[in-house]
Amino acid sequence: MRAVIVGSGSEIPPTVVTNRMLSRVMDTSDEWIRERSGVETRYYVEPGTTTSDLGVAAARRALVAARVEPSAVDLVVFATMTPDHYFPGAGPLLQAKLGLGNVPCFDIRQQCVGFLYGLQLVDAHVRAGLARTVLLVGAEVHSGFMPYTAANWDYLYGRTDVPPTPAEHEWNSRFRHLTVLFGDAGAAVVMRAEEDGSRGVIDQVLGTDGAEYDKLYVPGTGFKHRPYTDPEQFARGDHIPVMDGRYVFKLATTRMVEVAQQVLERNRVTIDDVSLVLMHQANRRINEHCQKVLGIPDAKVIHNIQKYGNTTAATIPLLWDEAAREGRLRQGDLVLLVAFGAGMSWGATLVRA
Ligand code: ACO
């Protein structure tokens, strides 16, 4: 028994934001962002649209693609680091908005590797006979992390002529190495138990090193503080992630290569046997490095960081959905998924489409 991906869907917010638009509210440039990360545009929701909304829209499309009725879903796994509320997680909200039965809903927090950890959770449930038809969702509204005032947002979009004050400009620029990378999006897959065993999740190698957590984390708005959120934390900017970019870059390139090699070797397959490699979209240069070391031809790799930026838990299902819609995923294709992110966590998964 294996968990097979039988349909996918995605949801991109309507508003495109170019690098040039970001340079209106902070000290950055299209050239820097493009060269250092590969990001050209990203999409942000309007205030009021939440992670569960993006997940719901993506899940609806995935259910249609899979020709599965919502009533058949018997498990939900929702991966996000930007839930609508501190609690409950986004899974129960998605369940209610989609009108699913009172099925169990997991919320998982493995950031950029969330989708791969979700695949393991779904596959384990399916193999144990605990679930047959599962919605696995990855969605993020990162725009809530952005440090801009409401007036800065309006100026960024060209809706007013009032630029940030020098102090606001300096404040926004403090977070520029992080904020320019991220976008909002949702993506989902429907997974079904299939008995023939040839398709679905073949194998996974996942890892975590919690000793490195403070290389990429949110220092404030947590229960380490009493109260868990207060104006001083906001004044310090502790609600915005801290990232040691160079350190994370180095660790990502090392771990992604290692874990991809491990999963290939242990299944006695090589890149030649793989039809498509879908890597987490944190930085195009990270992926180009991994591609080169692993010897993956360009034709087997899809990037979408240039369009959407880093959409954390949504990147890999979004790539899967785009590949499916473009006819690049044929039944029986072997696909390698690789990701690295905050935790620090990493993983590689082999899936037969
Ligand atoms: N615009 C203009 N200049 C900038 C910007 C910006 N947006 N950001 C930083 N700079 C400047 C810096 O201040 C620095 O200036 P200095 O040399 O005068 O001090 C210079 O550019 C170089 O900065 P670096 O941080 O060394 O730039 P780098 O090439 O490392 O790129 C980046 C930074 C893009 C963040 C890169 O390190 C990276 O991608 N790291 C990994 C990110 C990642 O994989 N995260 C994990 C996934 S996310 C998750 O799990 C939630």
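Summary value for region 295-353: 25 percent relative contact order, contacts being C-alpha pairs under 8 angstrom separated by 6+ residues. Of the residues ALA124, ASN102, VAL113, the one whose Cα sits farthest toward the positive end of the charge dipole of region 92-217, with +1 on the Cβ of Lys and Arg and -1 on the Cβ of Asp and Glu, is ASN102. Between the alpha-carbon centers of region 22-58 and region 88-149, tell me the distance in whole angstrom. That distance is 22 Å. One Cα centroid belongs to region 335-353, the other to region 282-330; the line between them spans 12 Å. Computed per residue of the chain from DSSP H runs no shorter than four, each worth -39500 (n - 2.57), the mean residue ellipticity at 222 nm is -10000 deg cm²/dmol.
Each residue of region 260-267 was assigned a 3J(HN,Hα) from its phi angle through the Karplus expression (A = 6.51, B = -1.76, C = 1.60, θ = phi - 60°), giving 5, 4, 4, 5, 5, 4, 5, 9 Hz with x at Gly and Pro. For the chain, the relative contact order works out to 26 percent when only alpha carbon pairs closer than 8 Å and six or more residues apart are counted.
Please report the antiparallel percentage of DSSP beta bridges with both residues in the chain, rounded to the nearest 5.
The answer is about 70 percent antiparallel.
When you restrict to C-alpha pairs under 8 Å that are six or more residues apart and normalise by the size of region 200-352, the relative contact order lands at 37 percent.
Here, each number is a calculation from the coordinates, and none is a lab measurement. This one's a predicted model, so the numbers in the text were calculated from it and none came from an experiment. With ideal geometry, Cβ positions are generated from the backbone for all residues, glycine too; neighbour counts draw on all protein chains shown.
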